[in-house]
Every structure is written in C-alpha cells, then in structure tokens.
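The values are calculated or read from the model by the stated rules, or taken from the named source; none is laboratory data. If you're wondering where the values come from, they're calculated on a predicted model, not measured in any experiment. Because the Cβ atoms are built from the backbone with ideal geometry, glycine has one as well, and the counts that use them run over all protein chains shown. Each accessible area value is taken on the protein alone, full model and side chains, heavy atoms only, with ligands, DNA and RNA left out. Shrake-Rupley method; radii C 1.70, N 1.55, O 1.52, S 1.80 Å.
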Amino acid sequence: MITATLTTLAAPALVGPALAAPSEWDSWDLQVTPANFDLGSTNPWGLHPRYLPQRVRANEGLAPGDIHVDSVARYLYHIQDDGTAMRYGVAIGRDGLYEPGVYTIRRKAKWPRWTPTPAMIEREPNKYARWEEGMPPGPENALGSRALYLYVGNRDTYLRIHGTPAPRSIGTRASSGCVRMVMPHINTLYDQVDTGVTAYLYPTDGGPL
C-alpha cells in the first residue's frame with residue numbers, strides 16, 4: 001500500500017490551544033509533550049525507531065486526507081496532497097477485538113471523556129466496571145489527548161483512533177479494538193485530519209478489505 005521511506009520528518013509538533021479550550025487543555029498538552037519535542041526523533045518512550053513518524057511515498061490512487069492502518073506492520077498512514085504520506089506507529093486491538101473495515105471520521109475531540117462499552121464491562125468487569133459512568137479527561141484517560149471517532153454511515157462504531165497513556169504498547173496488539181497512538185503524535189495528526197475523511201483499517205492477515 002505505502003512504499004519507499006523518503007525522510008524522517010524533523011519539524012516540531014504543532015501543539016496549540018483550540019478556541020474556547022478549557023484552561024486545563026494547555027497544561028495537559030505540556031505535561032504529555034516532552035521538552036524540545038521533535039516529531040521525527042524524540043523518543044523518551046523507548047519505541048522501536050521504525051515507529052517514529054516518517055514521511056514516506058504513497059501508492060498512486062490514494063485520496064489525500066484519508067487514513068490507512070496497516071495492522072500487520074502496525075502503521076497508520078495519513079495521505080498527503082503531494083503523493084506522500086505521514087506514517088506513525090500504532091497499537092491495534094487484541095486478538096478477536098480488532099475490526100477491519102472502511103470507516104468515516106465524523107467527529108474529533110480534544111481531551112475527550114471516555115466511557116467503556118457494555119461489552120468491555122461484561123468482558124472485563126474488574127477492569128472497566130468502575131468507569132461505567134465515564135472517566136474524566138486528563139493525561140491518564142484511556143483516550144489520551146485526542147480522539148478521532150470512526151463511524152459507518154451515521155452509526156458510531158465506538159472505535160477510535162486515539163492517544164494513549166500507555167505509549168509502550170505501540171507496535172503491539174493491546175487495545176479493546178481501537179487504534180492507539182503516542183499522544184504528541186496524535187496531537188500533530190489531529191490538526192491535519194478533517195472530519196468526513198475515510199479511515200481504512202486493513203485485516204491482520206495482510207489481505208485487502
């Protein structure tokens with residue numbers, strides 16, 4: 001799908017306040033963003049270097065703005081106007097919980113509140129039942145600093161592309177179905193993604209959708 005690494009992006013992350021943002025948002029962004037953060041090289045999380053953001057060449061025919069998640073290599077690609085893509089390392093859902101498909105991003109949220117689904121609570125009550133009424137936003141929230149909400153038509157699938165307070169899970173199958181990213185990485189991606197674009201989550205066997 002995506003080939004030929006060009007260069008590691010070395011521009012600083014664009015992390016800034018939104019209009020009418022709660023006062024906590026700015027301080028939380030600073031809290032989760034390392035000092036002197038550089039998108040392509042900062043790595044206090046101990047990620048394998050291949051999971052650091054890079055600009056790569058995209059295959060022809062992919063629509064600019066769309067997102068493609070390679071569940072085998074654990075990469076998310078954001079297609080650019082110039083025939084390249086920004087590639088980020090991600091974590092995906094654990095066995096049986098990852099849901100390949102074609103989705104539309106219909107909502108974006110900064111520092112979102114998180115509520116586990118009834119299925120998550122039933123599956124792991126000791127872990128999730130205490131958050132049945134929702135987990136307040138903040139650096140320890142399960143959705144992290146930003147979330148992109150995946151829909152099929154007008155139906156919310158409860159799948160998200162989101163930040164994580166567990167950055168060492170990047171590159172693994174760790175979530176309850178969502179796609180996880182390091183928080184400073186999704187902060188950068190978030191500002192570049194428009195609602196209405198398509199997100200393709202490819203099967204774990206490497207096959208097509």
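Data table
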read-out	value
Every residue from the range 169-209 that is touching a Ser or Thr at 6+ places or on another chain (Cβ under 6 Å) and of a type in the set (Lys, Arg)	ARG180
Counted residues, the range 23-54 - those being touching a Lys or Arg at 6+ places or on another chain (Cβ under 8 Å) and surrounded by 20 or more Cβ atoms within 10 Å (Cβ to Cβ)	3
Only one of GLY196, GLY171 that is at pLDDT 95 or above, farther than 21 Å from THR33 by Cβ and open to solvent by 10 Å² or more (accessible area, probe 1.4 Å)	GLY196
Qualifying residue in the range 46-65 (condition: in contact with a strand residue (DSSP E or B) (Cβ under 9 Å, 6 or more places away or on another chain), of a type in the set (Lys, Arg) and assigned to a loop (DSSP other than H, G, I, E, B))	no
Members of the range 79-122 that are of a type outside the set (D, E, K, R), closer than 13 Å to TYR158 by Cα, open to solvent by 20 Å² or more (accessible area, probe 1.4 Å) and not in a loop (DSSP other than H, G, I, E, B)	THR104, TRP114, PRO118, ALA119, MET120
Qualifying residues in the range 115-155 (those that are under 30 Å from SER27 (Cα atoms) and among the acidic types (Asp, Glu)) - the one modelled with the highest pLDDT	GLU140
Test result for LEU76, of a type outside the set (Lys, Arg), under 12 Å from PRO184 (Cα atoms) and open to solvent by less than 20 Å² (accessible area, probe 1.4 Å)	no
Enumeration of residues in the range 174-193 that are open to solvent by 30 Å² or more (accessible area, probe 1.4 Å) and modelled with pLDDT under 95	SER176
Of all residues in the range 124-155 being touching a residue at least 24 places away in the same chain (Cβ under 8 Å) and charged (D, E, K, R), the one that is surrounded by the fewest Cβ atoms within 10 Å (Cβ to Cβ)	GLU140
Sole exception among (1) at pLDDT below 95; (2) open to solvent by less than 60 Å² (accessible area, probe 1.4 Å); (3) among the small types (Gly, Ala, Ser); (4) in a loop (DSSP other than H, G, I, E, B) for ALA4, by number	(4)
The range 186-200 residues that are under 12 Å from ILE161 (Cα atoms), paired with ones that are polar (S, T, N, Q) and buried (at least 18 other Cβ atoms within 10 Å of the Cβ) (beta carbon under 6 Å, 6 or more apart)	ASN187/SER145
